[in-house]
Structures are given as C-alpha cells and as structure tokens.
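S.K.: Sharing a structure below in structure tokens format, with a few things to ask.
We did not get these values from a lab; they are worked out from the coordinates using the rules stated. Being a predicted model, the structure only gives us computed values, none of them experimental. All Cβ positions, glycine included, derive from the backbone under ideal geometry; neighbour counts span all protein chains shown.
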Amino acid sequence: MNSFIDDTLPPLEVDRHRLIEILDKLVSLWPSEILCDEKTLGLDNYACRSLVQPSRDVREKFERQDWEDDIEIAGIAMDFLGMAIKNASRYLTVIRPADLDFDMIVSNIQSRDDVLVR
C-alpha cells in the first residue's frame, strides 16, 4: 500500500495491439446494437436509461471471463469503453459498440499516468 501512496509502483505496461484485442473482446460482451431512446437530461446530469441493463450484463459477463494476466488492463479498458458508450449515447439513438473509435479509447487510456501503452 505504501508503494501506491509513495508513487513507486511501476506503470502497468501493455502492448497497443494487445489492448486492441482486449477492447475487441470487451465489445463482444455488449449487444451489437444499443437503442438509446430513454434519455434523461438535467442541468448537471445526463443519463441514458437504456444503458443501465446492458452495463450490468456486461459487468457480469466480464467477471465470468478468464482474463489471465490481462485482468488489470481489461478492467481499465472496460471502464474506458463504458465511458465511450455513455458519451456516444448523448448524441446517438443507436450505438454499435464495434463501430467506436478504438484509437481514441486507447489514447484516453494512454493519458493515464499509471498505464504505459507500447
């Protein structure tokens, strides 16, 4: 724990090609199309209620997968993919997770201090 607090833990390293493979595997956990027709807008909040159940299903499927040594990066990639889907739901009524810009997701992951994408 002190290593984490002292910032002496090395960054998590992942090959870019492997990260894309992980994102492909994560996308396969999502439905091929998500209809975002239940949108709720507010001053400080935005939610697409249509994402709630698919997100829960993906989390359950994620837990049942054997990620071997990739569990940490897969968890990070799942979070960033989920954020990309949520952001897409602001503007789209139909989201196809396989059509998302993986390069943008990888760039966002790469911007973290604790992840090194080679």
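S.K.: How many percent of DSSP beta bridges within the chain run antiparallel, rounded to 5? Before the final figure, lay out the partial values.
M.R.: Working: 5 of 8 bridges.
If I count the DSSP bridges inside the chain, around 60 percent turn out antiparallel.
S.K.: Then there is this: Taking the Cα centre of the chain as the origin, how large is its charge dipole in debye, to the nearest 20, when only Lys and Arg (+1) and Asp and Glu (-1) carry charge on their Cβ atoms?
M.R.: Working: 14 positive and 24 negative charges, 117 e Å.
My answer is approximately 560 debye.
S.K.: Roughly speaking, what is the stretch gain from E21 to I71, that is 0.36 nm per residue apart minus the C-alpha to C-alpha distance, in nm to one decimal? Display every interim value, and only then the final one.
M.R.: Values: separation 50, 0.36 × 50 = 18.00 nm, distance 1.32 nm.
So the chain would gain 16.7 nm between E21 and I71.
S.K.: Oh, and also: Which of [x] 8.6; [y] 8.0; [z] 9.8 is the computed mean projected area of the Cα convex hull in nm² for the structure on display?
M.R.: Checking each listed value against the structure points to [x].
S.K.: Below 14 angstrom from the Cβ of D99, what's the summed charge of the other residues (Lys, Arg +1; Asp, Glu -1)? Could you put the intermediate results ahead of the total?
M.R.: On the way: positive: R96; negative: D24, E33, D101, D103.
Surrounding charge for D99 is -3.
S.K.: Here's another thing I want to ask about it. According to the square roots a ≥ b ≥ c of the eigenvalues of the Cα gyration tensor, what is the shape class of region 46-103, taking rounded for a/c under 1.5, prolate for a/b larger than b/c otherwise, and oblate for the remainder? Present the calculation step by step, with values, prior to reporting the outcome.
M.R.: Numbers: a/c = 2.47, a/b = 1.63, b/c = 1.52.
Prolate.
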